[in-house]
Amino acid sequence: QVQLMESGGGLVQPGGSLRLSCAASGTIVSIYTMGWYRQAPGRQRESVATITDNGRTNYADSVKGRFTISRENAKKTVYLQMNSLKPEDTAVYYCYIDPGRRLYWGQGTQVTVSS
């Protein structure tokens, strides 16, 4: 059974930084795409960043230049470095992996940007 464990969320002031981590465990032969979504109260879940198995990245326009996604294949882990955080980045952040047949999701981690 595949499980994803997220960490790194919390409360930060505007302009601050956080680093989210998401480690996958279980029977996983390979992982193609890994990524992060977020959902703010009253809003639909939106894609934040993705990274393919060959390192190609994609970002939402709202986070370009501020967020960086990366992965460590040996550890089956994906990261999201978030800099210059804004109050509008406040949301529950969910990681996911695509090992080929279906997507697996993390439980979500709260990020709150507030002074």
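Some observations on this one:
- Farthest towards the positive end of the charge dipole of the chain, among the residues Ser62, Ile31, Ser84, is the Cα of Ile31, using unit charges on the Cβ of Lys, Arg, Asp and Glu.
- Label-point gap, in nm, between Ala74 and Asn54 - each point 7 angstrom along Cα→Cβ: 2.3 nm
- The loop-placed trypsin sites (Lys or Arg not before Pro) in segment 22-115, going by DSSP, that have at most 16 neighbouring Cβ atoms within 10 Å of their Cβ come out as Arg43, Arg45, Arg56, Lys64, Arg66, Arg101, Arg102.
- A 1.4 Å probe run over the chain, with the rest of the protein chains in place, finds 56 Å² accessible per residue.
- On the chain, 45 percent of the accessible area sits on carbon and sulfur atoms, based on a 1.4 Å probe.
- For the chain, built as a Gaussian network whose Cα springs stay under 10 Å, the top-fluctuating residue of Leu11, Leu20, Leu103: Leu103
- Bridge type composition, the chain - antiparallel percent by DSSP, nearest 5: 90 percent
- Extension gain, Thr112 to Ala40: 0.36 nm times the residue separation minus the Cα-Cα distance gives 24.9 nm.
- Under a model in which nothing but the beta-carbon of Lys, Arg (+1) and Asp, Glu (-1) is charged, segment 40-115 shows a dipole of about 180 debye around its Cα centre.
The values are calculated or read from the model by the stated rules, or taken from the named source; none is laboratory data. All values derive from a computational prediction rather than experimental measurement. Here the Cβ is made from the backbone with ideal geometry for all residues, glycine too, and neighbour counts use every protein chain on show. Side chains are part of the model used for accessible areas, which takes the heavy atoms of the whole protein and leaves out ligands, DNA and RNA. Shrake-Rupley method; radii C 1.70, N 1.55, O 1.52, S 1.80 Å.
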